[in-house]
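Peer 1: Below is one structure. I have some questions about it.
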Amino acid sequence: SLKREIGELKMFFGNREISTTTLVKSFLIGEVLETPPVLGYDLLSISLGQSDGVEIGQKVYFSSNVVIGEVVEVFADSSRVRLYSSPEKETQGRVGTSTEFVTLYGSGGGNFKAAVPHGLNIVLGDVVLTSGEVGSILGSVYYVEDSATAEGSKNIYIRFPFNLNRLKKVFIER
């Protein structure tokens with residue numbers, strides 16, 4: 001319904017004032033046609049394609065500040081998106097208030113694993129941002145292993161801040 005879609009757009013853009021000096025990203029909004037496991041592990045099919053100006057490598061978002069993957073195939077009227085949480089994917093990110101970058105290893109289903117220095121103070125719920133000047137949210141920490149590995153690090157586990165099975169729309173930055 002229209003009310004539901006307006007609510008989703010409000011959630012996407014948030015309830016914030018935007019001044020004329022604020023840089024606003026422009027997005028294409030697409031429907032999710034197929035989710036895992038239909039296409040394979042951590043692949044989405046979306047309703048935006050070459051006719052909409054979509055290109056391989058464009059970032060795909062759950063909301064204006066939550067990035068989830070990149071376009072890997074483009075067809076006339078649809079595209080495929082590989083999620084950053086794919087098992088073969090490595091992504092650079094920062095955890096919590098740390099300024100150090102860590103490598104996040106996709107483990108499928110919207111989940112990641114990372115090894116961080118044992119002395120780094122990580123707490124449940126810490127936000128994980130992508131690398132870059134203004135990082136986008138990748139997820140949040142949901143588990144921290146107490147014991148150190150042989151390398152003196154500890155493993156942390158991260159997941160997307162939404163249920164992948166309920167994903168209905170995505171946004172592609174123009």
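Peer 1: Looking at VAL32, VAL67, which is the one that is under 21 Å from ARG166 (Cβ atoms) and surrounded by fewer than 18 Cβ atoms within 10 Å (Cβ to Cβ)?
Peer 2: Exactly one of VAL32, VAL67 is under 21 Å from ARG166 (Cβ atoms) and surrounded by fewer than 18 Cβ atoms within 10 Å (Cβ to Cβ), namely VAL32.
Peer 1: Also: In the stretch 90-100, what residues are free of Cβ contacts under 8 Å to residues at least 40 places away in the same chain and either over 15 Å from the mean Cα position of the chain (by Cα) or open to solvent by less than 60 Å² (accessible area, probe 1.4 Å) (or both)?
Peer 2: THR97, SER98, THR99, GLU100
Peer 1: Take the stretch 107-124 and flag every residue that is open to solvent by 10 Å² or more (accessible area, probe 1.4 Å) and under 19 Å from ILE68 (Cβ atoms).
Peer 2: Of everything in the stretch 107-124, those that are open to solvent by 10 Å² or more (accessible area, probe 1.4 Å) and under 19 Å from ILE68 (Cβ atoms) turn out to be SER107, GLY109, ASN111, LYS113.
Listed here are the residues, each with its yes/no results for (1) under 27 Å from GLN50 (Cα atoms); (2) assigned to a loop (DSSP other than H, G, I, E, B); (3) in contact with an Asp or Glu (Cβ under 9 Å, 6 or more places away or on another chain).
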{"position": "GLU70", "(1), (2), (3)": "yes, no, no"}
{"position": "VAL81", "(1), (2), (3)": "yes, no, yes"}
{"position": "THR97", "(1), (2), (3)": "no, yes, yes"}
{"position": "SER107", "(1), (2), (3)": "no, no, no"}
{"position": "LEU120", "(1), (2), (3)": "no, yes, yes"}
{"position": "TYR142", "(1), (2), (3)": "no, no, no"}
{"position": "SER147", "(1), (2), (3)": "no, yes, no"}
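Peer 1: Okay, next question. Does the stretch 153-168 contain at least one residue that is among the basic types (Lys, Arg) and exposed (fewer than 14 other Cβ atoms within 10 Å of the Cβ)?
Peer 2: Yes.
Peer 1: Got a sec? Which of SER86, SER64, SER107 is in contact with a Pro (Cβ under 9 Å, 6 or more places away or on another chain) and of a type in the set (S, T, N, Q)?
Peer 2: Unique residue meeting the criteria: SER107.
Peer 1: Name the residues in the stretch 122-133 that are under 21 Å from ASN163 (Cβ atoms), assigned to a loop (DSSP other than H, G, I, E, B) and not charged (D, E, K, R), would you?
Peer 2: Across the stretch 122-133, the qualifying residues are LEU124, GLY125.
Peer 1: Continuing with this model, one more query. Take the conditions without any contact (Cβ under 8 Å) to a residue 60 or more places away in the chain, in a strand (DSSP E or B) and of a type outside the set (D, E, K, R) and apply them to GLY40. Does it pass?
Peer 2: no
The values are calculated or read from the model by the stated rules, or taken from the named source; none is laboratory data. Keep in mind the model is a prediction, meaning the values are calculated, not measured. Virtual Cβ from ideal backbone geometry, glycine too; neighbours counted across all protein chains shown. With ligands, DNA and RNA removed, areas are computed over all heavy atoms of the protein, side chains included. Shrake-Rupley method; radii C 1.70, N 1.55, O 1.52, S 1.80 Å.
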